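Scroll down for the structure; my scribbles are underneath it.
The values are calculated or read from the model by the stated rules, or taken from the named source; none is laboratory data. Predicted model, so just to flag it, every value in this text is computed and none were measured. In this analysis, Cβ positions are derived from the backbone assuming ideal geometry, glycine residues included, and neighbour counts consider all displayed protein chains.
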Amino acid sequence: MAFFKNILKPVDGEDATYAENYAANQADYSNAESQAAGARRVTPSNMSAGAAYLRNMPNSGEIVLVEASDIAGAQEIALHFKRGASVVCDLSNMNATDFQRSLDFISGVAFVLEGNFSKISREIYLLMPKNVTYRTDKSANDIENQTQAPAEY
């Protein structure tokens, strides 16, 4: 029996150390819980205007023209598009390097926010939310020609 008592003696000391550490840790956890209780809860009603919820909002029908001359202009285009506007992007005032970087950036924004990115001319592009469509004059004329009854002679 003495054999078992000698084996358990070192464990008894560890229990006391564990109990002291446990009490100290409990104080740390209670402080963290009280700080978390005072933290502001984030809900959609008090989120900033840049929240991702905006991409699911219905389109306002707004069309914005942005004449970008550098990469900061591409960021402005992205912000307008993020809040639901269609954006006509005039990139004619950019140098070749910024032009390519801006095209890459804007097409990435269109992909991530599930929009449409269309070329209107060599340096002008149209960025639209997915629920917006457009037609060129040619496609409008084609539709008119298809819907008109053939003339009878």
Would you point out which residue out of V87, V109 is in contact (Cβ under 8 Å) with a residue 24 or more places away in the chain, surrounded by 14 or more Cβ atoms within 10 Å (Cβ to Cβ), under 21 Å from V132 (Cα atoms) and in contact with a strand residue (DSSP E or B) (Cβ under 6 Å, 6 or more places away or on another chain)?
V87
Which of the residues spanning segment 66-84 are charged (D, E, K, R) and either without any contact (Cβ under 8 Å) to a residue 24 or more places away in the chain or outside any helix (DSSP H, G or I) (or both)?
E67, D70, E76, R83
Filter segment 112-134 for residues that are free of Cβ contacts under 8 Å to residues at least 60 places away in the same chain, surrounded by 13 or more Cβ atoms within 10 Å (Cβ to Cβ), within 22 Å of the chain's Cα centre (by Cα) and assigned to a loop (DSSP other than H, G, I, E, B) and give the result.
L113, G115
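Counting only residues that are in a helix (DSSP H, G or I), surrounded by 11 or more Cβ atoms within 10 Å (Cβ to Cβ) and either aliphatic (A, V, I, L, M) or at pLDDT 90 or above (or both), how many does segment 51-62 have?
Step one: of segment 51-62, the residues in a helix (DSSP H, G or I) are 52-56.
Now restrict to residues that are surrounded by 11 or more Cβ atoms within 10 Å (Cβ to Cβ): 54-55.
Filter again for either aliphatic (A, V, I, L, M) or at pLDDT 90 or above (or both), leaving 54.
Total satisfying the criteria: 1.
Let's see how each residue does on (1) in a loop (DSSP other than H, G, I, E, B); (2) at pLDDT below 90; (3) surrounded by fewer than 17 Cβ atoms within 10 Å (Cβ to Cβ); (4) at positive phi:
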residue: S34; (1), (2), (3), (4): no, yes, yes, no
residue: S45; (1), (2), (3), (4): no, yes, yes, no
residue: A49; (1), (2), (3), (4): yes, yes, yes, no
residue: V64; (1), (2), (3), (4): no, no, yes, no
residue: T97; (1), (2), (3), (4): no, no, yes, no
residue: F105; (1), (2), (3), (4): no, no, yes, no
residue: I143; (1), (2), (3), (4): no, yes, yes, no
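Examine segment 75-87 for a residue that is in contact with a Cys (Cβ under 6 Å, 6 or more places away or on another chain) and either of a type outside the set (F, W, Y) or at pLDDT 95 or above (or both), and state whether such a residue exists.
Checked against the condition, which is being in contact with a Cys (Cβ under 6 Å, 6 or more places away or on another chain) and either of a type outside the set (F, W, Y) or at pLDDT 95 or above (or both), segment 75-87 yields at least one hit.
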